[in-house]
Amino acid sequence: QVQLVESGGGLVQAGGSLRLSCAASGRTFSNYAMGWFRQAPGKEREFLAAIIRGGGSQYYADSVKGRFTISRDNAKNTAYLQMDSLKPADPAVYSCAASVYNAVVPSTQYNYWGQGTQVTVSS
């Protein structure tokens, strides 16, 4: 089992920044690719970004490319999502997830999920 706990959400003005953290415990963190997703009320879960086990490659959805940066620190068992230039369209519950597949995979291929952290953007 891997337990994931997100933090860093909150209220920010449009154009501002937030850094989300995803702390992992349980099995070896470096054995998992990590992804960030978000879900707004009434909408489907949306893939945002993924990073492979060693952190050497990152992948982004077009909606966040150039604004969001995913990273990980395997020594601290933590993944991050730096969010810059936040827009009024970005509010949602943001969740991290861990996958045994060392690639970008659908959300159904993620094995463990955190509870999420709320991000709100004021215009």
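The values are calculated or read from the model by the stated rules, or taken from the named source; none is laboratory data. Here the structure is a predicted model, which means the values were calculated and not measured. Because the Cβ atoms are built from the backbone with ideal geometry, glycine has one as well, and the counts that use them run over all protein chains shown. Surface accessibility is based on the protein's heavy atoms, side chains included, excluding ligands, DNA and RNA. Shrake-Rupley method; radii C 1.70, N 1.55, O 1.52, S 1.80 Å.
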Being open to solvent by less than 40 Å² (accessible area, probe 1.4 Å) and closer than 30 Å to R27 by Cα is the filter here, so list the residues in the stretch 83-106 that pass it.
M83, A92, Y94, S95, C96, A97, A98, S99, V105
When you scan the stretch 64-82, how many residues do you find that are surrounded by fewer than 22 Cβ atoms within 10 Å (Cβ to Cβ), of a type in the set (G, A, S) and under 16 Å from V104 (Cα atoms)?
1
Which one is farthest from the chain's Cα centre (by Cα) among residues in the stretch 72-87 that are assigned to a loop (DSSP other than H, G, I, E, B) and within 19 Å of L4 (Cα to Cα)?
A75
Boolean, Q118 is more than 15 Å from V5 (Cβ to Cβ), in a strand (DSSP E or B), of a type in the set (S, T, N, Q) and touching a residue at least 60 places away in the same chain (Cβ under 8 Å):
no
Which residues, taken from the stretch 1-34, are open to solvent by 50 Å² or more (accessible area, probe 1.4 Å) and assigned to a strand (DSSP E or B)?
Q3, V5, S7, L11, Q13, R19, S25, G26
Could you give every pair whose Cβ atoms fall below 6 Å, whose first residue belongs to the stretch 21-43 and is touching a residue at least 40 places away in the same chain (Cβ under 8 Å) and at negative phi, and whose second residue is open to solvent by 80 Å² or more (accessible area, probe 1.4 Å) and assigned to a strand (DSSP E or B), counting only separations of at least 6 or pairs across chains?
A23/V5; S25/Q3
Does at least one position in the stretch 47-54 carry a residue that is touching a residue at least 60 places away in the same chain (Cβ under 8 Å) and either in a strand (DSSP E or B) or among the aliphatic types (A, V, I, L, M) (or both)?
yes
